[in-house]
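S.K.: The following block contains the structure, expressed as structure tokens.
What follows draws every value from the coordinates through simple rules; no lab data is involved. Bear in mind that the values here come from a model prediction, so they are computed numbers and not experimental data. Using ideal geometry, Cβ is built from the backbone for each residue, glycine included, and neighbour counts are taken over all protein chains shown.
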């Protein structure tokens with residue numbers, strides 16, 4: 001069970017990385033080759049639920065395995081585990097933030113856009129915390145192929161976030177977007193003020 | 001004629017012979033048709049019948065069956081009750097807003113009402129404020145009518161202040177000349193100092209509107225009806241109209257020269273009678289630019305109430321009924337309007353921002369006889385793709401308008417695809433406001 005816990009942990013990290021990058025794409029209305037825009041957000045949602053399943057298995061297997069003593073409460077209440085108190089605490093913090101994002105997304109219809117977005121932004125905190133937790137809770141990721149994988153994940157998310165910031169800075173101001181679209185679809189841009 | 005002094009210049013027709021009681025809202029057409037001052041207004045309608053306690057008026061409004069006259073026809077008592085309830089629950093004092101920002105370029109009835117009967121609207125604003133326990137009120141109207149209407153409204157407010165008629169202070173606020181400026185979340189955003197763009201709901205503004213307090217927004221005509229129901233009772237209100245849709249409403253008709261004609265009619269009036277000498281020859285536009293085109297033959301058998309119009313896919317809306325003159329092309333008219341509507345997108349939601357310009361471009365090709373074999377199918381598909389996918393109903397209303405044109409003018413579209421057009425006049429008929437938004441300032 002201990003090995004199952006570590007393996008699902010690694011898979012969860014990979015999935016969460018994919019979810020992060022898809023989320024960054026969704027915010028900028030980016031596209032993936034061969035997929036329409038709405039499919040990107042659908043993929044983001046489905047992968048996040050899949051990642052949540054792996055995280056839950058990762059946590060439960062660690063708790064119920066007798067190899068080390070981790071109380072179930074320590075999986076959600078940070079810094080209460082006798083084993084690796086700090087690094088597991090980070091895992092609990094990340095899990096709590098993740099749960100908040102998932103629950104608010106499932107209830108999104110009943111929330112204001114601002115409230116939902118505020119909670120969803122916590123993902124930017126959740127992922128790095130999860131990454132640090134992965135790196136230092138056990139030595140698995142600290143050498144070999146898994147180290148390269150972990151660094152690759154970090155590089156991908158940092159790169160994605162940078163792309164998002166640049167894309168946001170290049171944004172057309174809201175009031176000018178329609179004119180830009182209108183001249184783009186009419187072959188010869190027409191006079192708009194002549195009427 | 002009164003209205004010749006107002007910018008748009010149209011007429012208002014009063015007195016529908018067979019329904020002796022009308023007009024209710026507009027003053028009887030007299031010499032010059034001057035707006036009555038407060039004294040004349042009170043002489044005709046009597047004093048403001050304050051109920052002295054919040055909530056009391058709501059029962060009367062429910063019995064009267066008054067619905068919103070801004071186009072959505074939402075039951076007024078339910079909105080009043082929602083604001084009153086939210087105010088009590090959240091311990092916040094509500095604000096009431098009279099919405100005179102008539103967004104439909106084809107409609108002129110709110111401007112006409114404010115011009116001819118400002119005191120009736122302001123009475124309704126006071127009574128609605130009392131009904132929901134509000135301590136402030138705002139009268140919101142279009143800035144582009146400022147040089148005459150704004151002055152008149154300021155005078156009316158001053159008169160009331162001097163006479164001590166108002167219990168709640170009323171501020172006048174001006175809307176930017178945008179199609180969406182009257183949409184209620186856009187209105188709240190604008191009054192809070194931001195651009196007049198629709199917001200995502202929830203929260204509903206009856207829950208959290210101006211300064212986070214429950215906010216009641218009612219169309220100015222709705223408030224005028226409310227002021228009369230408060231005085232004369234629900235039974236009087238129901239004396240005209242149909243059972244499910246009682247009362248009267250202001251309708252805007254357009255003559256072939258484009259000038260508006262405002263008339264107060266009972267709900268359920270046959271469109272044939274309403275149009276009178278403007279009998280439909282080719283097609284009728286119902287409900288304005290978010291409305292529906294119907295073939296003349298179909299419209300001739302219908303009446304001005306939602307029960308009659310619903311099977312035809314149309315709605316009463318804000319009472320716009322326009323007969324397309326026989327010498328104009330419905331496709332060209334529609335293309336002009338769709339282009340305008342695309343420019344009026346707030347640019348917030350992807351489907352509206354990307355979809356409407358594309359729909360407008362394709363419709364322009366159809367109107368100019370340069371469409372391809374797939375243009376109509378594309379238009380139909382895109383109209384389906386944008387529907388229901390915005391923060392507000394701008395994409396939905398535009399899609400409805402486009403689809404009804406494709407059906408109503410199908411034969412004309414066939415002709416256009418063969419390079420012909422049946423119109424003999426190229427002069428645009430449906431009114432299109434000048435200028436589109438270029439910068440954030442145009443939305444403020």
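S.K.: Considering only DSSP beta bridges whose two residues both sit in the protein assembly as shown, what percent are antiparallel, to the nearest 5?
M.R.: Percent antiparallel among DSSP bridges in the protein assembly as shown is about 45.
S.K.: With viscosity set to 1.567 mPa s and temperature to 4 °C, compute the Stokes-Einstein D of chain B, Rh being the Kirkwood radius across alpha carbon pairs; µm²/s, no decimals.
M.R.: Value of D from the Cα-based Kirkwood radius: 58 µm²/s.
S.K.: Distances longer than 13 Å among the Cα atoms of the stretch B:207-260: what percent of all pairs is that? If you can, show how the numbers build up before the last one.
M.R.: Details: 1029 of 1431 pairs.
Roughly 72 percent, once rounded to a whole number.
S.K.: Need one number: nm distance between label points at residue B:236 and residue A:1, each 7 Å from Cα along Cα→Cβ, rounded to one decimal.
M.R.: 8.0 nm
S.K.: If you don't mind, another one. How many percent of all Cα-Cα pairs in the stretch B:312-357 sit more than 18 Å apart?
M.R.: Summing the P(r) of the stretch B:312-357 above 18 Å gives 51 percent of all pairs.
S.K.: For the stretch B:256-392, take every pair of Cα atoms, bin their distances at 5 Å starting from 0, and report each bin as a whole percent.
M.R.: 2, 9, 17, 19, 18, 15, 12, 6, 1, 0
S.K.: Could you please tell me the mean projected area of the C-alpha convex hull for the stretch A:130-192, averaged over all directions and given in square nanometres to one decimal?
M.R.: Projected area, direction-averaged: 7.0 nm².
S.K.: Also: Using mean Cβ contacts within 10 Å as the protection proxy, how do B:303-313, A:18-28 order, highest first?
M.R.: Going by the mean number of other Cβ atoms within 10 Å, highest first, we get A:18-28, B:303-313.
S.K.: For the stretch B:330-428, what does the convex hull of the Cα positions come to per residue, in cubic angstrom?
M.R.: 80 Å³
S.K.: Now for a separate question. Using a 10 Å cut-off around each Cβ of peptide B:433-442, what is the average number of partner chain Cβ atoms that fall inside? Before the final figure, lay out each step's value.
M.R.: Numbers: counts 1, 3, 4, 6, 5, 6, 5, 4, 1, 1.
Average neighbour count from other chains, rounded to a whole number: 4.
S.K.: Cα centroid distance between the stretch B:313-354 and the stretch A:1-19, in Å?
M.R.: 53 Å
S.K.: With the contact rule set at Cα under 8 Å and sequence spacing of 6 or more, what percent relative contact order holds for the stretch A:2-185?
M.R.: 21 percent
S.K.: Across the stretch A:2-185, how large is the tail of the calculated P(r) beyond 20 Å, expressed as a percent of all Cα pairs?
M.R.: Values: 9882 of 16836 pairs.
So the portion of pairs separated by more than 20 Å is 59 percent.
S.K.: In the stretch B:84-220, what is the volume of the convex hull around the alpha carbon atoms, normalised per residue and reported in Å³?
M.R.: 97 Å³
S.K.: Quick one: Cα centre-to-centre distance for the stretch B:51-91 and the stretch A:110-141, in angstrom?
M.R.: One Cα centre to the other: 45 Å.
S.K.: Per-residue Cβ counts within 10 Å, from other chains only, averaged over B:196-207: what number is that?
M.R.: Per residue, the average neighbour count from other chains is 2.
S.K.: Can I ask one more? Residues of A:101-107, mean number of Cβ from any other protein chain within 10 Å of their own Cβ, rounded to a whole number?
M.R.: 0
S.K.: In nm, to one decimal, how far is the residue A:165 label point from the residue A:151 one, both placed 7 Å along Cα→Cβ?
M.R.: So the two model labels end up 2.2 nm from each other.
S.K.: So if I average 1/r over every pair of distinct C-alpha atoms in the protein assembly as shown and take the inverse, what Kirkwood radius in Å does that give?
M.R.: The answer is 27.7 Å.
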